[in-house]
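Report on one structure; see the data block that follows.
A short reminder: the numbers here are calculations on the coordinates, not readings from a lab. Values in this document were obtained by computation on a predicted structure and should not be read as measured data. Virtual Cβ from ideal backbone geometry, glycine too; neighbours counted across all protein chains shown.
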């Protein structure tokens with residue numbers, strides 16, 4: 001199938017402001033693009049790019065005073081299949097983990113696995129190690145946290161999400177990631193586009209979303225505690241330890257986000 005994906009951010013800056021953008025589709029999906037998903041700016045301004053320590057493409061620019069628009073609109077090819085499941089994937093003992101997975105066992109800014117260590121073992125220590133344990137975590141988080149856009153808070157951590165029992169997709173992902181790490185399962189936070197293809201009509205035109213990947217036998221696997229069911233039309237943008245590593249727009253100065261639109265819609269095959 002073909003998906004039309006894109007976004008439009010409108011900011012107002014009172015002064016020249018450095019910005020860091022993580023908005024390009026991940027290199028693992030670049031071959032699926034019909035054209036490059038360049039970040040378009042209005043007004044036009046110089047932009048430089050680099051690849052961060054997690055392999056994500058990041059862009060730097062100096063926004064001028066006044067209204068600034070960031071946007072893109074591209075077509076991406078997708079297999080049209082739901083997220084795969086591998087229920088027989090087992091847990092990898094820490095001593096056998098690949099070295100590049102170890103950073104995803106450590107506590108981080110929003111995923112304080114050290115604070116949730118005892119709770120994680122209390123809740124999930126009896127679950128089947130591997131896929132079954134990660135799925136048990138997703139089931140719990142899905143039922144524990146109530147989704148509410150009005151209760152979104154950019155500073156909420158995993159332990160606070162557990163205590164407050166409310167949040168948005170990033171809060172579901174942070175809590176699940178923290179539980180996994182507390183149980184010695186490498187887990188990394190993911191952001192990207194997510195369609196509502198396959199869900200009952202009518203549905204909105206897709207959105208940005210957060211989910212996570214857990215490392216089990218055979219590699220990294222996708223889990224989504226917010227929806228807690230396989231979804232179609234998931235397009236990765238970036239991965240990191242938590243949301244602090246993959247913020248879509250980071251501004252180093254005062255500003256007002258005046259509007260934001262995101263779309264992930266099927267347009268044919």
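The table that follows gives values for the structure above.
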{"read-out": "Beta bridges per DSSP with both ends in the chain, % antiparallel, nearest 5", "value": "95 percent"}
{"read-out": "By average C-beta atoms within 10 angstrom, highest first, the peptides 142-148, 106-112", "value": "106-112, 142-148"}
{"read-out": "MRE, 222 nm, helices only [DSSP H, n ≥ 4, -39500 (n - 2.57), over the chain, to nearest 500]", "value": "-5000 deg cm²/dmol"}
{"read-out": "Calculated FRET efficiency for the pair residue 109/residue 10, C-beta based, R₀ 35 Å, to 0.05", "value": "0.80"}
{"read-out": "Among 88, 77, 96, residue whose mean-square fluctuation peaks in a GNM of the chain (springs only between Cα atoms under 10 Å)", "value": "96"}
{"read-out": "Residue of 60, 170, 188 that the Gaussian network model of the chain assigns the largest fluctuation, springs spanning Cα pairs under 10 Å", "value": "60"}
{"read-out": "Segment residue 249-residue 164, extension gain: residue separation times 0.36 nm, minus the distance between their alpha carbons", "value": "28.0 nm"}
{"read-out": "Ordering of 248-257, 231-240 by packing [mean C-beta count within 10 Å, highest first]", "value": "231-240, 248-257"}
{"read-out": "Cβ-based exposure ranking for 177, 94, 141, 166, in which fewest neighbours within 10 Å come first", "value": "94, 166, 141, 177"}
{"read-out": "Percent antiparallel among DSSP beta bridges (both partners in the stretch 113-266, rounded to 5)", "value": "90 percent"}
